[in-house]
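Heads up: the structure comes next, in structure tokens.
The values are calculated or read from the model by the stated rules, or taken from the named source; none is laboratory data. This is a predicted model, so every value here is computed, not measured. With ideal geometry, Cβ positions are generated from the backbone for all residues, glycine too; neighbour counts draw on all protein chains shown. Side chains included, ligands, DNA and RNA excluded: accessible areas come from the protein's heavy atoms. Shrake-Rupley method; radii C 1.70, N 1.55, O 1.52, S 1.80 Å.
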Amino acid sequence: MALARVSSSSRLLLLPSTTTTSSLLHSLLRPFSTSSVSARRLSHPRSLPIDASLTQASPLLPTAREEGEVAGAPRSTSRRPWKPTCLYYTQGRCTMMDDALHLEKFNHNLSVDLPVNASAADKVKPQKLDYFLVLDLEGKVEILEFPVVMIDAHSMEFIDSFHRFVRPTAMSEQRIEEYIEGKYGKFGVDRVWHDTAVPFGEVLREFEDWIGGHKLWKQKQGESLNSAAFVTCGNWDLKTKVPEQCKVSKIKLPSYFMEWINLKDIYLNFYNRRATGMMTMMRELQIPIVGSHHLGIDDAKNITRVVQRMLADGAVIQITARRQPDTSDVKFLFKNRIR
């Protein structure tokens, strides 16, 4: 998979958007061609700063606070409307980076949704981890989308992203067609999915290259992530769905999926109130949603905005669940947790 990187913001106010607008703009992606595209962006070591020449990010300013800027983030000097992200770009397959009209219509710099300023970062308490990998899978029958947003646990800054659409392996083509039309047709991105989706096994191989490039993991027996952890909104993604998909795809569950952070448990223990999901958290923290709910890459960015806000509020975000390698049983580490 093409290694694609995305970005986010700090006490984050999120951009209001409608599914209708998003669907209309995403539909303009259809002229893309991927059949002749073999070049994909290379990952870069985490010790190096993000280079615009690698990410091909356009220098857009963050949107104004009332349009979705996270609280604590700097105000932009000019108002620029929210734009949908190019979903070919997030997967390293955009062939229109020289097209001014395309660049005007679609966002190619994911960090504009996740700005952080120094005053907000100064409020972050010492963390046990260096990086958070925000993961939000899509697909109930089989995984359809695998998006990850990586941020620095100390500065809250966006580092990188990995995004891939996933092609089911145990479904007929007709069922896949119906499945994707129902899931992504309403967003107007079903064509992008068909152009770019690859089997889960290939996604994991490319993801391992990505985390390896960031020095977060080495391919050794039982090796866990290095000073990093997945953040999910609930236990379902890594407790249930990834193991199920690995069985369907006839893949051994990778060692880096053995522990994770359930943001619902962190939220409960930090704010002393329950949140049933991302939308509840955003509503209670007065963070407007950006993009389309249930489009995985947009949800991953929105969850990241919640993480940034919690860090700015002083939360310590740590592992909440760990799978026992010998029995596959999951041990939950917080007594007070969402059940």
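Points worth noting:
- Residue within region 105-124 that is at pLDDT 95 or above, acidic (Asp, Glu) and more than 16 Å from Val203 (Cα to Cα) present: no
- Filtered by the rule that a residue be open to solvent by 70 Å² or more (accessible area, probe 1.4 Å) and within 24 Å of Gln91 (Cα to Cα), region 108-141 gives Lys140, Val141.
- For region 221-235, taking the residues that are open to solvent by 10 Å² or more (accessible area, probe 1.4 Å) and touching a Leu at 6+ places or on another chain (Cβ under 8 Å), the one that is nearest to Phe257 (Cα to Cα) is identified as Leu225.
- Among the residues of region 80-107, those identified as within 17 Å of Lys301 (Cβ to Cβ) and assigned to a helix (DSSP H, G or I) are Tyr89, Thr90, Gln91.
- Among the residues listed as Lys239, Lys247, Lys331, the single one being within 18 Å of Val148 (Cβ to Cβ), open to solvent by 10 Å² or more (accessible area, probe 1.4 Å) and of a type outside the set (A, V, I, L, M, F, W, C): Lys239
- Hits in region 303-317 - residues which are closer than 22 Å to Leu137 by Cβ and out of contact with any helix residue (DSSP H, G or I) (no Cβ under 6 Å at 6 or more places or on another chain): Thr304, Arg305, Val307, Gln308, Met310
- Look at region 118-142: where a residue is within 20 Å of Ile266 (Cα to Cα) and of a type in the set (Gly, Ala, Ser) and a partner is open to solvent by 30 Å² or more (accessible area, probe 1.4 Å) and assigned to a loop (DSSP other than H, G, I, E, B), sitting 6+ places away or on another chain with Cβ atoms under 7 Å, you get Ala120/Arg11; Ala121/Ser155.
- Failed item, numbered, when Gly188 is tested on (1) more than 14 Å from Gly139 (Cβ to Cβ); (2) open to solvent by 60 Å² or more (accessible area, probe 1.4 Å): (2)
- Residue within region 205-220 that is buried (at least 21 other Cβ atoms within 10 Å of the Cβ) and under 25 Å from Gly277 (Cα atoms) present: no
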